[in-house]
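See below for the structure under consideration.
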Amino acid sequence: MSDQSDLRPAVIEDVHELAQAMPHVTVVFGSGENPVYQVGGKSFVFFRNPRPDAVDPATRERYPDVIVFWVESEADKQALVQDEATPYFTTPHFNGHLSVLLRGSRIGELTRGELAELVADAWLSRASARRRSDWLRAHPPAR
């Protein structure tokens with residue numbers, strides 16, 4: 001059962017709060033001091049520096065606010081990025097990489113509950129089988 005906060009628009013601070021709330025998480029800082037959230041030494045969410053592969057099509061300026069979320073499979077990735085109703089995207093740089101990109105400026109298009117599911121799925125895709133099993137047992141899917 002969700003509460004009212006799950007229905008409000010997501011904000012950047014929610015990414016940090018949700019990622020840190022997952023079990024066995026460590027935070028390291030990448031280039032530009034951007035946080036990289038890891039489980040078992042594997043990143044599952046991170047904030048990217050502006051890169052030449054993610055640019056505004058009109059101005060060609062690099063997006064300064066890209067967040068990377070791991071996904072379980074290529075099918076999951078394609079389901080998110082091919083649905084034009086979602087704010088998710090990818091770039092050729094991420095071909096073959098099981099992740100989706102989201103601009104921070106568009107995070108409010110998701111509810112906090114949707115973001116929580118995205119973060120949990122990212123964590124699950126990178127956690128060890130035992131940690132994944134333990135988490136799923138403690139958080140059974142809603143029916």
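Values in this text are rule-based calculations from the coordinates and carry no lab data. Quick caveat, the model's predicted, so the values are computed rather than measured. We place every Cβ from the backbone using ideal geometry, glycine too, and count neighbours over all the protein chains shown.
Collect the residues in region 8-36 that are touching a residue at least 24 places away in the same chain (Cβ under 8 Å), within 17 Å of Ala120 (Cα to Cα) and not in a loop (DSSP other than H, G, I, E, B), keeping them in residue-number order.
Residues satisfying the conditions are Ile12, Asp14, Val15, Leu18, Ala19, Val25.
Could you list, in sequence order, all residues of region 70-91 that are small (Gly, Ala, Ser) and under 15 Å from the mean Cα position of the chain (by Cα)?
Result: Ser73, Ala79.
Within region 78-105, how many residues turn out to be loosely packed, with under 15 Cβ neighbours inside 10 Å, free of Cβ contacts under 8 Å to residues at least 40 places away in the same chain and assigned to a helix (DSSP H, G or I)?
Looking only at that region, the number is 4.
Can you name every residue in region 95-115 that is closer than 21 Å to Asn34 by Cβ and either touching a helix residue (DSSP H, G or I) at 6+ places or on another chain (Cβ under 9 Å) or of a type in the set (Asp, Glu) (or both)?
Answer for region 95-115, where residues must be closer than 21 Å to Asn34 by Cβ and either touching a helix residue (DSSP H, G or I) at 6+ places or on another chain (Cβ under 9 Å) or of a type in the set (Asp, Glu) (or both): His97, Leu98, Ser99, Val100, Leu101, Leu102, Gly104, Ile107, Leu110, Leu115.
Which members of region 45-60 meet the condition of being touching a strand residue (DSSP E or B) at 6+ places or on another chain (Cβ under 6 Å) and either in a strand (DSSP E or B) or of a type in the set (Asp, Glu) (or both)?
Answer for region 45-60, where residues must be touching a strand residue (DSSP E or B) at 6+ places or on another chain (Cβ under 6 Å) and either in a strand (DSSP E or B) or of a type in the set (Asp, Glu) (or both): Val45, Phe46, Phe47, Val55.
Suppose we filter Thr86, Thr111 for residues that are in contact with a strand residue (DSSP E or B) (Cβ under 8 Å, 6 or more places away or on another chain), under 18 Å from Asp6 (Cβ atoms) and not small (Gly, Ala, Ser); which single one remains?
Just a single option satisfies the conditions, and that option is Thr111.
Consider Ser73 carefully, then state whether it is closer than 25 Å to Arg130 by Cβ, surrounded by fewer than 17 Cβ atoms within 10 Å (Cβ to Cβ), out of contact with any strand residue (DSSP E or B) (no Cβ under 8 Å at 6 or more places or on another chain) and of a type outside the set (A, V, I, L, M).
In short, yes.
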